[in-house]
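Read-outs: derived from the displayed coordinates by stated rules, not from any lab. In this text the structure is predicted, and so the values were computed from the model without any measurement. Every residue, glycine among them, receives a Cβ derived from its backbone with ideal geometry; neighbour counts consider all protein chains shown.
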Amino acid sequence: MHRPRSQSAIYRFRIVALLWFVGFLLFPIGGGLFVYSFIETDNILTWIAIILIILAGIMLIAQLLISSRTYCPLCMVPVMANLSCAKNRHARKLFGSYRTYVAGEILFRNSFRCPYCNEPTALQVRSKPRNPTHPGG
C-alpha cells in the first residue's frame, strides 16, 4: 500500500474530501429550500437558500483550487481533480462520480484507491528508510 510523503498532503486530501461532500450536499439542500421558499412565499427562507447556494459554490471553488495538489503517490495524477484522463477499468463510482467515491473512502476509511492506476493508498505518512551504512541508522 502506498503512502503520501508528508502530513500536509494528507491534510489536503481530507480537506478536499470534506469540501467535496459538503458542497455536494449544500447544492441540493439550497435548491430545494429555494423552491420551497417560493411556494410558501417566505423571504427569510429565500435568503437562507441563496446563502446556502453561495456557500456551496465557494466550497466547490476552494475544492477545485486545492484538489489540483492531491496527487496519487504512485502515478502522480491529481486524484480529486476533474481530469479527462482515462480511468482504470476497475475504478468505482458513487452517485455516478469517481471523485465522490474517492472522497468517501478518504473520509470514512482513511485510505483510497486511485481511479487512474487503481492502487491503494493509506493516508499515513511514509516512513523514511533506515540507512544501515550510516552510523546512527
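Got a sec? How would Cys75, Cys85 order by Cβ neighbour count within 10 Å, fewest to most?
On the way: Cys75 15, Cys85 10.
Fewest to most other Cβ atoms nearby, the residues stand as Cys85, Cys75.
Net charge near Arg126: determine it from the other residues with C-beta under 10 Å of the C-beta of Arg126, scoring Lys and Arg +1 and Asp and Glu -1.
On the way: positive: Arg3, Arg5, Lys128; negative: none.
Local charge sum for Arg126: +3.
Do any cysteines in the chain lack another Cys Cβ under 4.7 Å, and if so which?
Here Cys85 come out as lacking a disulfide-compatible partner, given the Cβ-Cβ threshold of under 4.7 Å.
Helix 98-109 against the longest principal axis of the chain: what's the angle in degrees, Cα atoms only, rounded to the nearest 10?
70 degrees
Could you line up Met80, Met59, Met1 from fewest to most neighbouring Cβ atoms inside 10 Å?
Numbers: Met80 28, Met59 20, Met1 10.
The order, fewest Cβ neighbours first, is Met1, Met59, Met80.
Taking the Cβ of Ser68 as the centre, find all other residues whose Cβ is under 14 Å away and add up their charges (Lys, Arg: +1; Asp, Glu: -1). Please list the in-between numbers first.
Values: positive: Arg12, Arg69, Arg99; negative: none.
With Lys, Arg at +1 and Asp, Glu at -1, the net is +3.
Out of these labelled values of Kirkwood radius over Cα pairs in Å, (1) 16.7; (2) 15.9; (3) 15.6, which was calculated from the coordinates shown here?
(1)
I'd like to know which of Val79, Pro28, Val16 lies farthest towards the positive end of the charge dipole of the chain, counting +1 on Cβ of Lys and Arg and -1 on Cβ of Asp and Glu.
The one lying farthest along the dipole's positive direction is Val79.
At 222 nm, what helix-only mean residue ellipticity would the chain give, in deg cm²/dmol to the nearest 500, using -39500 (n - 2.57) for each DSSP H run of four or more? Don't skip to the end; give the middle numbers.
Numbers: 3 runs with 71 residues, N = 137.
Helix contribution divided over all residues of the chain: -18000 deg cm²/dmol.
Once the Cα atoms of helix 43-67 and of the chain are each reduced to a long axis, what angle between those two axes, in degrees from 0 to 90 to the nearest 10, is obtained?
The two axes meet at around 20 degrees.
Note down the net charge around Ser97, summing +1 for each Lys or Arg and -1 for each Asp or Glu among other residues with Cβ under 14 Å from its Cβ. Walk me through the numbers before you get to the answer.
Working: positive: Lys87, Arg92, Lys93, Arg99; negative: Glu105.
After counting each charged neighbour, the total is +3.
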